[in-house]
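Notes to accompany the following structure.
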Amino acid sequence: MKFDAQEIAAHQTALTARWHEVTPAAAGEGFFRLLEENHLRNFALWHEEDIARRDDLGFEAVYRAKRNIDRYNQERNNFAEEMDKAVVAALQPPESGCPRNSETPGMMIDRLSILALKEFHMHEETVRPEASAAHKEKCAEKLARIRQQRADLTGCLADLFADVATKRRTFSVYYQFKMYNDPALNPQLYRNAPKSGRA
């Protein structure tokens, strides 16, 4: 399989715009299904983070948002790892003998996903009808920087794909091992778990 960084970034841009018009859903196949599932979690995360910062919805709404954020974060990391596994299977990076990249393709794609969301929402601020001219101008400056960051990161991802394919650079799949989500590893959960058994 050919991994095209420009195509990946463009797909995230298109999904972001489409999912603000229709019910978001991942529909791709193969590697692009993993990419879409990752982006879908970031999309959901973005909007749950907004909800969690409201003071007018009451405790229950904020509690639910925080729990959703926790779940979506775990799932986005899982899909980033799955993307890395797919790249390893396809490109078979060398185990040694060349420089090792500290950031993996999956991590970079996850960052591009977040930048796609930032770009979309920052652009919205530049055209918000009730916003002041000063607000729009400040947001336009931020938007330009976000677009430059996306372009830079897309280029870095393209270089990494090319270097891994030609065995000039390698990477390892880095597992996040989110301990706070595991009842067996989070002391707040296993120390306070209800005791089972008969009285």
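The values are calculated or read from the model by the stated rules, or taken from the named source; none is laboratory data. Just so you know, these numbers come straight off a predicted model, no measurement behind them. Here Cβ is always computed from backbone atoms with ideal geometry, including for glycine, and neighbour counts include all displayed protein chains. Heavy atoms of the whole protein, side chains included, go into the accessibility calculation; ligands, DNA and RNA do not. Shrake-Rupley method; radii C 1.70, N 1.55, O 1.52, S 1.80 Å.
Need pairs with beta-carbon distance below 7 Å; first residue acidic (Asp, Glu) and within segment 112-135, second part of a loop (DSSP other than H, G, I, E, B) and at pLDDT 95 or above; sequence gap 6+ or separate chains.
As it stands, the answer is 125/131, since those pairs meet every condition given.
Which one of 41, 53 is of a type in the set (Lys, Arg) and surrounded by 15 or more Cβ atoms within 10 Å (Cβ to Cβ)? Before the answer, list the steps.
Details: 53 fails: surrounded by 15 or more Cβ atoms within 10 Å (Cβ to Cβ).
Step by step, each of 41, 53 is checked, and only 41 is of a type in the set (Lys, Arg) and surrounded by 15 or more Cβ atoms within 10 Å (Cβ to Cβ).
Mind listing just one residue for me: the one in segment 1-28 that is under 23 Å from residue 164 (Cα atoms) and either open to solvent by 50 Å² or more (accessible area, probe 1.4 Å) or acidic (Asp, Glu) (or both) and, of those, modelled with the lowest pLDDT?
Of all residues in segment 1-28, those under 23 Å from residue 164 (Cα atoms) come to 1-12.
Narrowing the set further to residues that are either open to solvent by 50 Å² or more (accessible area, probe 1.4 Å) or acidic (Asp, Glu) (or both) leaves 1-2, 4, 6-7, 10.
Values: 1: 75, 2: 84, 4: 97, 6: 98, 7: 98, 10: 98.
The qualifying residue modelled with the lowest pLDDT is 1.
Do we find that residue 143 is surrounded by 14 or more Cβ atoms within 10 Å (Cβ to Cβ), touching a residue at least 60 places away in the same chain (Cβ under 8 Å) and part of a helix (DSSP H, G or I) in this structure? First the steps, then the outcome.
Details: surrounded by 14 or more Cβ atoms within 10 Å (Cβ to Cβ): yes; touching a residue at least 60 places away in the same chain (Cβ under 8 Å): no; part of a helix (DSSP H, G or I): yes.
For residue 143, the condition - surrounded by 14 or more Cβ atoms within 10 Å (Cβ to Cβ), touching a residue at least 60 places away in the same chain (Cβ under 8 Å) and part of a helix (DSSP H, G or I) - is not met.
Residues 61, 65: which one is free of Cβ contacts under 8 Å to residues at least 12 places away in the same chain, surrounded by 13 or more Cβ atoms within 10 Å (Cβ to Cβ) and in a helix (DSSP H, G or I)?
That would be 61, the only listed residue that is free of Cβ contacts under 8 Å to residues at least 12 places away in the same chain, surrounded by 13 or more Cβ atoms within 10 Å (Cβ to Cβ) and in a helix (DSSP H, G or I).
Please state which one of 119, 95, 103 is in a helix (DSSP H, G or I) and either surrounded by fewer than 19 Cβ atoms within 10 Å (Cβ to Cβ) or over 9 Å from the mean Cα position of the chain (by Cα) (or both). Lay out the reasoning, then the answer.
On the way: 95 fails: in a helix (DSSP H, G or I); 103 fails: in a helix (DSSP H, G or I).
Answer to the check: 119.
I'd like the residue in segment 150-177 that is open to solvent by 60 Å² or more (accessible area, probe 1.4 Å) and charged (D, E, K, R) and, out of all such residues, is nearest to residue 95 (Cα to Cα).
So the first thing to find is which residues in segment 150-177 are open to solvent by 60 Å² or more (accessible area, probe 1.4 Å), and the list is 152, 156, 159, 166-168, 174-177.
Among the residues that remain, those that are also charged (D, E, K, R) are: 152, 159, 167-168.
Values: 152: 27, 159: 19, 167: 10, 168: 11 Å.
Within segment 150-177, the match that is nearest to residue 95 (Cα to Cα) is 167.
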